[in-house]
Amino acid sequence: MSFALRKKTWGLATVATIATVGTKDGVSGQKTGRQTPSVATVTTVAMGASSKSEGTTTAKVFPISNPDRWCWPNGPAMNGQEIDVFNRRNNLFLARGWGAAEAVADRLVRRDRESDDRVVCLECVHYTKRWCANANAAQLSPTKSSIQIATDLITLLQRCPGFLAIFALPVAATFDHSLA
């Protein structure tokens with residue numbers, strides 16, 4: 001295993017980027033003469049005061065207290081809650097047979113950040129295999145209770161009076177359906 005340490009000092013704080021690479025034979029997984037990198041881990045940590053002993057440098061490593069400190073709303077990256085919601089949506093959309101699930105889930109993260117009250121059919125309890133089982137309430141059909149939905153409409157952000165969330169929307173995205 002190889003180990004690399006790169007330190008930067010900003011004012012009084014020292015930050016280190018640590019990279020470790022595990023090696024093993026790419027075919028059998030055994031340690032052999034022919035080793036290829038198989039795992040790389042990069043971590044940024046705060047460093048304490050270092051001390052020298054017998055020609056080596058050791059340092060105390062402190063974990064960073066708030067991993068979301070540079071994420072939304074302080075930066076463009078997704079914070080922990082957004083990542084959790086993104087993963088739940090992506091898994092739901094994949095389970096419902098939607099191939100472009102990641103793109104739709106990413107668009108919904110932006111929707112949540114903007115406090116947009118529109119929804120997509122893929123998030124609804126009534127959506128099943130390109131069918132809306134609540135077509136009357138959704139005002140898609142005046143006579144039928146179930147109707148097939150056009151492919152473009154399934155991921156279109158819209159205000160649907162028949163929408164019922166399959167799981168709770170993030171706080172910023174909740175809204176009152178009676179006002180729609």
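The values are calculated or read from the model by the stated rules, or taken from the named source; none is laboratory data. A quick note: this is a predicted structure, and the numbers were derived from the prediction, not measured. Positions of Cβ are generated from backbone atoms using ideal geometry, with glycine treated the same way; all protein chains shown enter the neighbour counts. Ligands, DNA and RNA are stripped out before the accessible areas are found, and what is left, the full protein with its side chains, is counted by its heavy atoms. Shrake-Rupley method; radii C 1.70, N 1.55, O 1.52, S 1.80 Å.
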For this session: Amide H neighbours of residue 119 under 5 Å, at least 5 residues apart or on other chains, H built in the peptide plane: list them.
Result: 158, 159, 160
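Ranked by accessible surface with a 1.4 Å probe, highest first, in what order do 84, 106, 116, 152 come?
Numbers: 84 95, 106 60, 116 25, 152 130 Å².
Descending accessible area places them as 152, 84, 106, 116.
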Problem set entry | Mean accessible surface per residue for the stretch 93-163, computed with a 1.4 Å probe while every protein chain stays in place, in Å² | 54
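For residue 88 and residue 146, what is the calculated FRET efficiency with R₀ set at 30 Å and r taken between the beta-carbons, to the nearest 0.05?
Working: r = 26 Å, r/R0 = 0.87.
Here the calculated transfer efficiency is 0.70.
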